[in-house]
Amino acid sequence: METQGNEGVRGDIDLAGMIREVPDFPQPGIVFKDITTLVKHGPALRLVIDRLTEGYRGAGIDRVVGIESRGFIFAAPVAYHLGAGFVPVRKPGKLPALAIKREYDLEYGSNVLEVHRDAIEPGHRVLIVDDVLATGGSAAAAAHLVVALGGTVTGIAVVVELTFLQGRGRIKDYELVSLVQF
Ligand code: AMP
């Protein structure tokens, strides 16, 4: 399933228009897609959570993974609506208990993501949620961690997809839902 086009429009809410572009952040040449201008607006936040959730109702999702840190904003309410648990995938050294890690490359720099070993059980159906899909490295790393723990990645859902970076190619084994494309 792929969602494109006018998914982000309900009534007069234009999700794409509510995302602020910040040039040269966090470094020269990057145009940062700032979702704080969207989530501070109640109806827009509700629309985003509803849209991220709707394709997965009845899909038997056990866990919703949020990728640190902006992914948490969206993943927890989606988990709530699905009646699923929330699992944080975090930057290194943040999780207190036994964790597994995955290293990967970013649009700017490299990173490591970790998840608690007991956060996902074999056979669990898992939805991965983040704010922005850029190169797809973070989502691919999160998917790798889910699979390493015996889970199944049922889908990946993001608010923004930067299509010119072709991040879809790095997660082509999985269903991707994006609400807004740039
Ligand atoms: P990637 O692993 O390259 O798909 O990058 C995804 C992560 O980096 C997401 O968690 C985003 O929050 C962040 N990110 C990367 N590029 C941008 C961008 N241009 N604007 C906003 N966030 C970005």
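Shape of region 9-181 from its Cα gyration tensor (a ≥ b ≥ c, root eigenvalues): rounded if a/c is under 1.5, otherwise prolate when a/b > b/c, or oblate?
oblate
Taking 0.36 nm per intervening residue step and subtracting the Cα-Cα distance, what contour gain separates Asn111 from Ser69 on full extension?
13.8 nm
Roughly how big is region 53-124's charge dipole about its Cα centre, with Cβ charges of +1 (Lys, Arg) and -1 (Asp, Glu), in debye to the nearest 20?
Value, rounded to 20: 160 debye.
Please give the FRET efficiency for Phe164 paired with Ala59, using the beta carbon to beta carbon distance and R0 = 35 Å, rounded to the nearest 0.05.
0.75
Return the aspartates and glutamates within reach of Lys33: Cα separation strictly under 12 angstrom, same-chain partners fewer than 8 residues apart disregarded; answer none if there are no such residues.
Hits, sequence-local ones excluded: Glu21, Asp24, Asp131, Glu161.
I'd like the antiparallel share, as a percent to the nearest 5, of DSSP beta bridges with both residues in the chain.
35 percent
Pull out the extension gain between Tyr80 and His41, defined as 0.36 nm times the separation in residues minus the alpha carbon to alpha carbon distance; nm, one decimal.
That works out to 12.1 nm of additional length.
On a full-extension model of 0.36 nm per residue, what is the gain between Phe182 and Val147, subtracting their alpha-carbon distance, rounded to one decimal in nm?
Going from the current span to full extension adds 9.7 nm.
No value in this document is a laboratory result; all are computed from the given coordinates. In this text the structure is predicted, and so the values were computed from the model without any measurement. For neighbour counting, all protein chains shown are included, and Cβ atoms are generated from backbone atoms with ideal geometry for every residue, glycine included.
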